[in-house]
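The numbers here are math on the coordinates, done by the rules we state, and not lab data. Owing to the predicted nature of the structure, the values given are computational and were not obtained by experimental measurement. Don't worry about glycine lacking a Cβ; one is built from the backbone with ideal geometry, like all the others, and counts go over all protein chains shown.
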Amino acid sequence: MPITQVAQVSNMLQSTIAAAERVFEFLNEEEEDQTVENPTSINGLNGNVQFRDIKFGYSEDKIIIKKFNADVHDGQKVAIVGPTGAGKTTMIKLLMRFYDVNAGAIMIDGHDVKSFNRGELRQMFGMVLQDTWLFNGTIMENIRYGRLDATDEEVIAAAKAAHVHHFVMTLPDGYNMVLNEEASNVSQGQKQLLTIARAILADPKILILDEATSSVDTRTEIRIQKAMNNLMRGRTSFVIAHRLSTIKDADLILVMNEGDIIEQGNHQELMANNGFYTNLYNSQFEKTQSA
């Protein structure tokens, strides 16, 4: 028993030392400046996005995006597809300036993203992710988090646009129902619709949708897809897609592999090319049929 206890204490000490190293490494990092001199205002911007010769790596000796070019016009629905590790999510992180590019520039309506204050830049974006995030509070408070000064009527209008109003009205306390810490007292599909209602209320210029329907059943997926179509109408939208059948109507599909755009066009054009996208698209149906 004493030997076992010594071994356990030794194991805890090693874990503590490893954790402490990470904490001090974080504390020693230089804080990045969130503001710039004479920042560009986001007022009046439309949501045109240009990627110019983007080069990026999380460390300089491992460049994962080598030369990325794309022009996205306001109101377009743009799908980013490709195998795991192709750089899809990385492009979104660069767009929102969670990281800065090593070379090249990302422009919004002709303004480099580095010319905006980061906080203001991110006000232009609305995100609906695969992993929903709701907090302990009423449904009304969770939706209103998209725009804190919204009235009750505006919150309800957003819920109706997200096809979640009817569900909320069937609950005992309606919009005053309190979600628990894990939001486990509503289903995954309803959580997704609530986050879409939050994004509709925020009314952003640019939307980012990260496979928001992948963890729900087909019937719920149809409802979420309708809500997302309401959300995307008239806005620039970036959709990270794994199920290619959901993005056949995209205005522009960017096919990424190993950090580069290897094909781009709409669904019909890419299928006619009979290239990487065609193989990716057909392979999903082959898997479905064999299953």
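Taking the beta-carbon count within 10 Å as an exposure proxy, list ASP249, ASP203 from fewest neighbours to most.
On the way: ASP249 10, ASP203 14.
Least crowded to most crowded, the residues run ASP249, ASP203.
Electrostatic bookkeeping for ALA202 treats Lys and Arg as +1 and Asp and Glu as -1; over the other residues with beta carbon under 12 Å from its beta carbon, the sum is +3.
Only counting other Cβ atoms within 10 Å, I'd like VAL164, VAL239, VAL6 sorted with the fewest neighbours first. Intermediate results must be reported in sequence, preceding the final value.
Values: VAL164 26, VAL239 22, VAL6 10.
Lowest count first: VAL6, VAL239, VAL164.
Between the range 33-63 and the range 73-109, the C-alpha centres lie 10 angstrom from each other.
The chymotrypsin sites (Phe, Trp or Tyr not before Pro) of the range 6-89 that DSSP puts in a loop, and whose beta carbon has at most 16 other beta carbons within 10 Å, are TYR58. Pairwise alpha-carbon distances in the chain exceed 34 Å for 33% of all pairs. Restricting the range 1-79 to GluC sites (Glu not before Pro) that sit in a DSSP loop and have at most 11 other Cβ atoms within 10 Å of their own Cβ leaves GLU29, GLU30, GLU31, GLU32, GLU37, GLU60.
Enumerate the helices in the chain for which the Kyte-Doolittle hydropathy averages -1.0 or more and the C-alpha atoms extend at least 18 Å along the helix's axis, using complete DSSP H runs. Could the numbers behind the result be given before it?
On the way: long enough: 2-27 (37 Å, 0.53); 188-202 (21 Å, 0.39); 218-232 (20 Å, -0.66); 276-290 (21 Å, -1.17).
Helices meeting the span and hydropathy rule in the chain are 2-27, 188-202, 218-232.
Dimensions of the range 131-230 along the principal axes, based on C-alpha atoms and rounded to the nearest Å, stand at 30, 28, 22, largest first.
Want the number for ARG52 to ILE262: 0.36 nm per residue separation, take away the alpha-carbon distance, what's left?
Numbers: separation 210, 0.36 × 210 = 75.60 nm, distance 1.53 nm.
The ARG52-ILE262 span can extend by a further 74.1 nm.
Put simply, the convex hull of the Cα atoms in the range 190-273 casts, on average, a shadow of 6.2 nm².
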